[in-house]
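Read through the structure below, which is laid out as structure tokens, and then see the notes.
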Amino acid sequence: MELKHIALIGAVVATLQAAPALAQTEIIFGISAADGSLQDQSAEEFARRANEKLGDKAVVKVFDSSQLGKDKDMLQKIKLGTMHITLPSSTMPEIAPEYALFDLPFLVADRAHLAKIDEALFDSVLLPAAEAKGYKPLAIWENGFRQITNSKHPVTTPADLQGLKIRTPNSSWRVAMFKEYGANPTPMPFSELFVALQTGVVDGQENPMTNIYGGKLNEVQEYLSLSGHVYSPAYPTVGIKAFEKLDPEVQQIIEETAKEVAFWARETGAAQDEELVGKLEEGGLKVNKTDRDAFVEASKPIYEKFAAEVDGGQEMIDKALSLANGSGS
């Protein structure tokens, strides 16, 4: 009897050893931004915090620099479920035009103002607009205030952009803006930008300081013009159908952590702005300030376009601008 019992235990142990270990769920987070950019730092901070909470339930893995495809490709992948999270920024208006609110030049006064816009319009307007297309942005993170670089001359007024080939994201709104300024806008993925600047395919580009620095664009540009013409959020986004297949507890942790990191991203972005101007200047860029009033005047047609083309557009503009009073800095 004892021998049979020992034999049975041995058989169970052998079976367990032969059985494959349960695979841990991998939450794949793909971004187009470069290693070291604020978007990359934010994604890594999200992964760090989420993984602490997830324990052995799942693990978040971040892939930067368009390793998993360009923004459009990754948006398709989160819908199909071949990856879970991506971080679109300027491409969001191509999903839902309401997001072009953040393509309105000089709309966002500062990060305190952005936080008020987030509170007033994200859950009520922006989130439902994306959900209607099968996507769920989890929060508003930071890409940052966009600045202009080029290889020809300092940009002080829109007239200085006349005829310059300026790379923009794949955003019809950003293209329209730079056409208004007199430039020749050329949409292309960020992953192709360095070589395009290096070879003269484009003369310049516009991006937040963190992307300019992270992408080492100072190596292929001469001038940095501090325009702050647009504040670009970044949106940690999931495909609704694929996301709902995850364990409910995992979903909750992902959503909660995304909202936490929104505050971290803004604080980090604010701290980096001044520091990065100095680093880029040390890296060889000649820095100048632009004439804000001249750019604001040239931007009026973009506001008119948004009000005319986006349902509820004028109401969104009025609401966002009304929140700027006393926003702080």
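Residues of the range 103-120 being in a helix (DSSP H, G or I) and open to solvent by less than 10 Å² (accessible area, probe 1.4 Å), which ones? D103, H113, L114, I117 - these are the residues of the range 103-120 that are in a helix (DSSP H, G or I) and open to solvent by less than 10 Å² (accessible area, probe 1.4 Å).
The residue of the range 76-102 that is nearest to S227 (Cα to Cα), among those that are touching a strand residue (DSSP E or B) at 6+ places or on another chain (Cβ under 6 Å) and part of a helix (DSSP H, G or I), is F102.
Restricting attention to the range 191-206 and to residues that are under 19 Å from N143 (Cα atoms) and part of a helix (DSSP H, G or I), the residue that is nearest to the chain's Cα centre (by Cα) turns out to be S191. In the range 33-45, the residues that are open to solvent by 10 Å² or more (accessible area, probe 1.4 Å) reach residues that are among the charged types (D, E, K, R) and part of a helix (DSSP H, G or I) with C-beta atoms within less than 8 angstrom, at least six apart or across chains, in these pairs: A34/D40. Selection over the range 125-156 of residues that are under 26 Å from E281 (Cα atoms), assigned to a loop (DSSP other than H, G, I, E, B) and open to solvent by less than 40 Å² (accessible area, probe 1.4 Å) gives a count of 1. When restricted to residues that are basic (K, R) and in a loop (DSSP other than H, G, I, E, B), the range 57-75 contains 2.
The values are calculated or read from the model by the stated rules, or taken from the named source; none is laboratory data. The structure presented is a predicted model; accordingly, all values stated were derived computationally and were not measured. Virtual Cβ from ideal backbone geometry, glycine too; neighbours counted across all protein chains shown. Keep in mind that these areas ignore ligands, DNA and RNA; they rest on the heavy atoms of the full protein, side chains included. Shrake-Rupley method; radii C 1.70, N 1.55, O 1.52, S 1.80 Å.
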